[in-house]
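Here the structure is laid out as structure tokens; the discussion comes afterwards.
The values are calculated or read from the model by the stated rules, or taken from the named source; none is laboratory data. These numbers come from a predicted model, not from an experiment. Ideal geometry is used to build each Cβ from the backbone, glycine not excepted, and the neighbour counts take in all protein chains shown. Calculation scope for accessible area: heavy atoms of the full protein, side chains included, ligands and nucleic acids excluded. Shrake-Rupley method; radii C 1.70, N 1.55, O 1.52, S 1.80 Å.
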Amino acid sequence: MDRELALELVRVTEAAALAASRWVGRGDADGADGAATEAMRNMFRTVDIRGVVVIGEGEMDEAPMLAQGEEVGTGRGPRVDVAVDPIEGTSMVAKMLPNALSVAAIAPRGHLLKAPDMYMEKLACGPRLRGILSLDDPLETTLRKAAEALGKPLSELSVAMLERDRHKAHLDVARRLGVRIKLLNAGDVLGSIATALPRGGTDLYVGSGGAPEGVLAAVALRCLGGDFQGRLMPQTPEQRERCQQLGLDVAKTLALSDLAGDDDAIFAATGITDGDWLEGVRREGDYLHTHSVVMRVRTGTVRHVNATHYRPLEMRLAQTV
């Protein structure tokens, strides 16, 4: 893939973040998601790729948004898989809470897992724990292995998980061992990525969350040298049938390469609300400021992009070329 695509992908997440910013604190998650998705779709129309969405808002026959199977791009350039989450944390946008992001990733065609919209059991970690941990181990074993590898007592190990009733058993184990626990209201993608960030504040991410978000996090962790493992968790016969249609083994523990490929990949994110990693969209008079990050597997680069957008253009972002 051409390196110019890194900046093009940032333009895509910027457009979605700017569109979503008008909905921050307004209590309308669906309205924000719709605006961000349409802005993202329109910006993709200017990008020279032959892209197919493998991670999006839903199935082609169920969602009017960016959906699995939808073709994006100009129809020129490389054939790529596209993974998107126009708003990672719609509830955070609606409630004006921190850490809402717009996220997108691309990889050569056939390298990103076409994950169905269901739960996935997850284990994410940074570079120092890569190759040491296994999702197949009991959580207590995983925590003890992590503490030993990092050279710290269990009391100094930090683990993040979504604050959900389904994680009670995980929470009980972690509490019994005395590890530090960061409970997240939302933000499944960033929760995993934070384990590989210098100031991420956590050593591990565990528990279940959305499978599409797992693929996006896996791409980012490939860029950062971390690790991610997942296992699909179909809850209904229909979800099991969907996995069969996609040729997915629900009993298999998915490695990083299963989720995010073993070739090049690019990940981009733009902050919508202020957060631990990125600043949110900020307004000053006629200008809007965005803070983005773009990362590429092949080069190992992590670039932060600060941009200023002239505000009168805000309402025409969907038509920007």
(request) Could you run through the stretch 302-316 and say how many residues are touching a strand residue (DSSP E or B) at 6+ places or on another chain (Cβ under 8 Å), at pLDDT below 95 and open to solvent by less than 90 Å² (accessible area, probe 1.4 Å)? (result) 2
(request) Scan the stretch 248-269 and report the pairs whose first residue is farther than 11 Å from CYS223 by Cβ and touching a residue at least 40 places away in the same chain (Cβ under 8 Å) and whose second residue is loosely packed, with under 14 Cβ neighbours inside 10 Å and of a type in the set (Lys, Arg), with Cβ atoms within less than 9 Å and a gap of 6+ or a chain change. (result) ASP258/LYS252; ASP263/ARG298
(message) Going residue by residue through the stretch 140-154, is there one that turns out to be touching a Leu at 6+ places or on another chain (Cβ under 7 Å), crowded, with 22+ Cβ neighbours inside 10 Å, within 27 Å of ASP81 (Cβ to Cβ) and not aliphatic (A, V, I, L, M)?
(response) no
(request) Answer with yes or no whether SER134 is at pLDDT 95 or above, surrounded by 23 or more Cβ atoms within 10 Å (Cβ to Cβ) and not hydrophobic (A, V, I, L, M, F, W, C). (result) no
(request) Can you tell me which residue among PRO98, PRO108 is of a type outside the set (Val, Ile, Thr) and farther than 25 Å from ALA186 by Cβ? (result) PRO108
(message) Looking at the stretch 160-181 only, could you name the residues that are of a type outside the set (A, V, I, L, M, F, W, C) and either more than 19 Å from ALA146 (Cα to Cα) or open to solvent by less than 70 Å² (accessible area, probe 1.4 Å) (or both)?
(response) GLU163, ARG164, ASP165, ARG166, HIS167, LYS168, HIS170, GLY178
(request) Scan ALA260, ALA269, ALA251 and give me the residue that is among the hydrophobic types (A, V, I, L, M, F, W, C) and either open to solvent by 50 Å² or more (accessible area, probe 1.4 Å) or on the phi > 0 side of the Ramachandran plot (or both). (result) ALA251
(request) Show the residue pairs that are 6+ apart or on different chains and have beta-carbon atoms under 6 Å apart, the first residue being within the stretch 67-84 and more than 15 Å from LEU216 (Cβ to Cβ) and open to solvent by 40 Å² or more (accessible area, probe 1.4 Å), the second being aliphatic (A, V, I, L, M) and part of a strand (DSSP E or B). (result) GLU71/VAL52
